[in-house]
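Please read the structure below before turning to the comments.
The values are calculated or read from the model by the stated rules, or taken from the named source; none is laboratory data. The shown structure was predicted, so the numbers you read here are calculated from the model rather than taken from an experiment. Cβ coordinates were reconstructed from backbone atoms using ideal geometry, including for glycine residues, and neighbour counts include every protein chain displayed. Note: accessible area is taken over every heavy atom of the protein model, side chains too, but ligands, DNA and RNA are not part of it. Shrake-Rupley method; radii C 1.70, N 1.55, O 1.52, S 1.80 Å.
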Amino acid sequence: MNKKKLEELRKANDALLDQIKKENRELTPAEKELFEARNEVLAFHSEEPPAQPTEKRSDPAAPQAPETRSAPPAPGVAGIVVAETRALELAAVEMKEEAESRAIATALLEKRAVAVGANGDSQFSNRVFEIPGDLTNILNAITMETNAAPNTKFPLFSPNLDNVKRVSEDGTGSTVSTTAFTPVVVTPAPYLAFVPVSDSFLKQNPGGAVAKLAPMFNKQFLRKMAKEIVFGTGSGEMLGVFKDTGITANATTAAPGGPKIVDITALIAKLTGKFLRSELSIVINPIFWGAIMAEDIYHTHVTFQNGIFAFDGVKIFENDNAPTTLTAGSKVAVIGNFTDYGVAVAQNVELRMINPVAGSLNSNLQGVSYFDGKAIVTDSFAYLKTGAQT
């Protein structure tokens with residue numbers, strides 16, 4: 001027998017010993033017979049003693065490693081090695097499939113996902129590919145209230161009391177300020193998504209895709225949230241900054257067409273008297289931002305650091321959901337202190353497996369989350385609108 005085959009037999013016995021040690025058990029009769037058959041072959045062909053099992057030494061039936069022998073193995077030993085190896089391999093595959101099915105079922109009941117191996121005739125890559133979606137980096141700038149109540153009130157104080165004035169020594173002439181405190185109510189509403197999952201998909205799990213189901217749902221809910229922060233209509237959606245009519249401060253582009261450097265400078269000036277530039281962010285469509293970067297040929301305004309663009313110190317959020325319409329009066333960019341945009345999240349994404357219809361092997365994996373949001377302080381935002389277009 002060649003050295004490669006002998007090494008395979010030795011590694012197979014070592015692996016079997018490691019397995020029973022991890023499982024804290026003894027060899028089954030089938031495993032014991034196979035172990036001893038391998039050892040007999042190894043003893044005949046090798047001068048080194050084969051692997052020894054780590055079973056309890058008090059057990060007289062425990063397999064012992066035979067010493068190197070000169071006589072050939074008993075007839076049929078080779079057949080046992082081949083037949084039993086194949087039988088155990090098939091049994092291991094069946095046990096693995098059964099364990100994976102139980103693990104998936106348990107995970108879905110516990111609303112979590114587990115990674116299981118791929119099987120079947122096809123070989124899948126270990127990497128799970130995914131079609132790219134919108135960036136959610138704007139969520140890093142907002143204020144998010146988690147575990148919110150059905151009606152969440154964001155306390156809103158006005159830094160400029162509306163009736164501050166000089167009075168006489170006895171207080172004559174003073175009036176009551178009425179805008180000091182105005183709570184803004186946000187009511188989280190349910191968002192639902194579901195995806196049909198076939199029984200064969202769960203069992204075969206190409207490339208570990210089952211483990212991606214929970215993160216996939218979570219990512220899509222966050223993308224929905226980020227989209228609505230930008231362009232939500234406020235009707236069946238959160239109220240986005242481009243749609244919020246309560247945001248009134250604005251600048252107008254100086255010339256027809258998309259925004260230019262001079263327009264972004266004018267937009268920033270709307271809020272730099274209230275905030276530091278480092279506190280502000282601009283949301284703009286990548287098409288417009290690309291034109292502005294091309295215009296800044298000497299890199300006078302645009303900088304790039306830690307994966308984030310900035311214009312004169314103001315962070316830039318490139319967002320595909322920002323509009324590109326260039327009719328007169330349309331909004332093409334919004335600047336703001338986005339910590340003054342509040343999102344109330346009543347619960348994180350909850351996954352639930354809906355039982356299949358009779359006669360079907362497809363089940364629906366359903367995800368639910370409750371959230372809502374709006375600009376709590378509309379004075380912390382301003383928009384850039386287009387002038388008359390030619």
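For residue 370, what accessible surface area do you get with a 1.4 Å probe? Give it in Å², rounded to 10.
Only protein atoms counted, so the area is about 80 Å².
Would you mind getting me the FRET efficiency between residue 184 and residue 295? Use the beta-carbon distance for r and R0 = 35 Å, nearest 0.05.
Taking R0 as 35 Å, the efficiency between residue 184 and residue 295 is 0.35.
Could you pull out the pairs from 153/270; 224/374; 270/385 whose alpha carbons sit more than 19 Å apart here?
153/270
If Lys and Arg each add +1 and Asp and Glu each add -1, what is the summed charge of the other residues whose beta carbon sits under 14 Å from the beta carbon of residue 382?
0
Ranked by accessible surface with a 1.4 Å probe, highest first, in what order do 223, 25, 166, 38 come?
Result of the area sort, largest leading: 166, 25, 223, 38.
Under a 1.4 Å probe, what is the accessible area of the stretch 166-303 per residue, stated in Å²?
52 Å²
Taking a ≥ b ≥ c as the square roots of the eigenvalues of the Cα gyration tensor of the stretch 292-388, is the shape rounded (a/c under 1.5), prolate (a/b larger than b/c) or oblate?
The shape class here is prolate.
Could you report the accessible area of residue 237 in Å², rounded to 10, computed with a 1.4 Å probe on the protein chains as they sit in the structure?
60 Å²
Say the dipole of the stretch 310-390 comes from +1 at the beta carbon of Lys and Arg and -1 at that of Asp and Glu; which of 345, 359, 386 then lies farthest toward its positive end?
Farthest along the dipole direction, towards plus: 359.
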